[in-house]
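Single-structure report; data block below.
We did not get these values from a lab; they are worked out from the coordinates using the rules stated. Please read all numbers here as calculations on a predicted model, not as lab measurements. With ideal geometry, Cβ positions are generated from the backbone for all residues, glycine too; neighbour counts draw on all protein chains shown.
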Amino acid sequence: MSVLEIRDVTKAFGATKAVDSFNLTVGDGELVCLLGPSGSGKSTLLRMIGGFETPTSGHVAIDGEDVTRVPPEKRPTGMVFQSHALWTHMNVFKNLAFGLKLRRLPEAEIKRRVEAVLELVGLAGYGHRATNQLSGGQQQRVALARSLVLEPKILLLDEPFASLDQHLRERLREEVRDIQQRLKITTLFVTHGQDEALALADRIVVMRDGRTEQAAAPDVVYREPATPFVAGFIGTMN
Ligand code: ADP
Ligand code: MG
């Protein structure tokens, strides 16, 4: 069953079409990596799925319901941005509890959910810590936890580990894959790192100038790049 349907979506900024007549259907529990060079429209596309941008034309549907004009807080999506933007004046627990308080969940339920998610991201017992005393990797884990605690239907990750060093990036991507499989959560992961996409994705969508250059399983994209652009970008051209 498809959870996400993007139908003929265009986003224009003046004369620039950041996303251009884009189509994509994502199945339940699938992990799709959006791959492409800087400026190819990956972030704009993700922001339209999360509700942070409105398409110039076209439609976004989640679970068969048109959400094209629904604001972010009313969508079943959770987004993790490149710069995690944690609230530094709140401890870890409060960062995670904030969204749940807005939804007026009972205190006991909030505590249960926050503790379960902290455990899931490997930060059990970190609730009382100040966020600005955590390492970069721990802060990204809190950002991920803050999205997951809302129990979104679709997890949206926009280059979440771009600011971290190679070693930590590899570790966190394995953790994301592990969590994604355990929760079976439909995920869109934006990256311009080919290795990241090849390691993580059920399916890779290679973007160029706001359009799909190729959409296929990682091994297909790697072995049978559809165009010279994909071959060059994936690094298989020789
Ligand atoms: P990517 O995430 O793949 O690097 P973006 O979606 O950020 O690409 O950008 C795609 C194109 O849209 C770029 O040409 C970028 O300059 C332009 N763009 C993105 N956001 C805006 C904006 N708010 N105003 C004007 N142009 C934008
Ligand atoms: Mg981007």
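Of note:
- Pairwise alpha-carbon distances in the chain exceed 34 Å for 15% of all pairs.
- Gain in span if fully extended, residue 57 to residue 199, counting 0.36 nm per residue against the direct Cα distance: 47.8 nm
- Fraction of antiparallel bridges per DSSP, the chain only, in percent to nearest 5: 55
- When every Cα-Cα distance of segment 1-41 is counted in 5 angstrom steps from zero, the calculated P(r) takes the values 6, 18, 23, 24, 17, 8, 3, 1 percent.
- Axis of helix 166-183 versus longest Cα principal axis of the chain: the two differ by about 80°, to the nearest ten degrees.
- Label separation (residue 102 vs residue 171): 3.1 nm, computed from points 7 Å beyond Cα along the C-beta direction.
- Rounded to the nearest 10 degrees, the inclination of helix 136-148 to the longest alpha-carbon principal axis of the chain is 90 degrees.
- Whole-Å distance, taken between Cα centres, linking segment 8-48 and segment 91-133: 31
- Rounded to the nearest 5, the antiparallel percentage of DSSP beta bridges internal to segment 134-238 is 50%.
- Of all lysines in the structure, those lying under 20 Å Cα to Cα from residue 17, and not within fewer than 8 positions of it along the same chain, are 42.
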